[in-house]
1. When residues of segment 6-34 are filtered for being touching a helix residue (DSSP H, G or I) at 6+ places or on another chain (Cβ under 6 Å) and aliphatic (A, V, I, L, M), how many remain?
2. Report yes if some residue within segment 92-105 is surrounded by 15 or more Cβ atoms within 10 Å (Cβ to Cβ), under 22 Å from the mean Cα position of the chain (by Cα), closer than 30 Å to M154 by Cβ and at pLDDT below 95; otherwise report no.
3. Which of the residues belonging to segment 49-84 are charged (D, E, K, R), assigned to a strand (DSSP E or B) and more than 16 Å from the chain's Cα centre (by Cα)?
4. Among the candidates D25, D47, which residue alone is loosely packed, with under 14 Cβ neighbours inside 10 Å, outside the structural domain of H183 (by TED's automatic domain parsing) and modelled with pLDDT of 95 or more?
5. I'd like the full set of residues that are assigned to a helix (DSSP H, G or I) and buried (at least 16 other Cβ atoms within 10 Å of the Cβ), limited to segment 226-253.
6. Between V156, V189, which is assigned to a loop (DSSP other than H, G, I, E, B) and either among the aliphatic types (A, V, I, L, M) or surrounded by 15 or more Cβ atoms within 10 Å (Cβ to Cβ) (or both)?
7. Exactly one condition in (1) more than 20 Å from V211 (Cβ to Cβ); (2) touching an Asp or Glu at 6+ places or on another chain (Cβ under 7 Å) is false for T138; which is it?
Amino acid sequence: MKILISDAFDPGLPEKLRQFGEVTDDKNQYTDAEIILVRSATKCKKDYLDQAKNCKMIIRGGVGLDNIDVKHAESKGIIVKNTASASAIAVAELAFSMMLAIPNRLIEAHNSMKEGKFLKNELKRTELYGKNLAVIGTGNIGVEVARRAHAFGMKVFGYDIVKPAEPVITMMPTIEEAVKNAHYISLHVPLTDKTKGMINKDLIAKMKDNVAIINAARGEVIVEEDVAEALKSGKIKAYATDVWYSDPPAPTSPILSAPNTIMAPHIGASTKENLLRIGDVVIQLISDYVKMKK
């Protein structure tokens, strides 16, 4: 059995996988690999899948499956799995660190100090304590964010298209109800037809003035032009994002030049600890696959 590691995983993973067969990181060998491991970079769309004639299983190291044509894969008898639970802590910690950076004005404080300025009186902070947080998407990551928000004394509301109830979050019947009184909104939904462009000018108009939005989900769940315009007008006081329409984002992305942004290069799942957890889940999934074949 040939296993292709097509994207970046823990460096120790290849050695651990050799118990199952040949392991390669040569992307050109996808045409005869039986198991293909991907993260975000490799796009397993129709043409790719049609040429991967020996493929029986694709494992996405991470949460979303938007870089895989799941329906076409399944029509060809290819098993598609992800490692959803492994990334929850890593992504939640990044999202919450961005949420902390906004009211504490850490980016402005750091940059001003580097520029030789000492803005002790100018940089006024606010607190997360007592503020309302709307968690949009209450799966593994959203729940971890909610737990951290509770520890900071925030009031947490949530909305999820699929999951109607979550003990650590006060669930709301619609996304409009979830965001209307929120001081902060944290996005943790997969990219689907229903979530694409869900943060748009119509929904933004229903939000409180000076709301802050954190996006650790997918770039395309927002309409970039609408968010950028709301940042310019001050309707949205801050937008923090780790995700983009593409990696890297197009130079023409309006978010890149919008005011009051915090930006990261899609590093939410890239902690050392998370890569080890992903590797453990990958090994278990392949072990289960091997047992199923017998």
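The values are calculated or read from the model by the stated rules, or taken from the named source; none is laboratory data. Since this is a predicted model, take the numbers as computed values, not measurements. Glycine also receives a Cβ, built like all others from the backbone with ideal geometry; neighbour counts cover every protein chain displayed.
1. Number of matching residues: 2.
2. No; the residues of segment 92-105 include none that is surrounded by 15 or more Cβ atoms within 10 Å (Cβ to Cβ), under 22 Å from the mean Cα position of the chain (by Cα), closer than 30 Å to M154 by Cβ and at pLDDT below 95.
3. K81
4. The unique qualifying residue is D47.
5. Hits for segment 226-253 are D226, V227, A228, E229, A230, L231.
6. Checking each option against the conditions leaves just V189.
7. (1)
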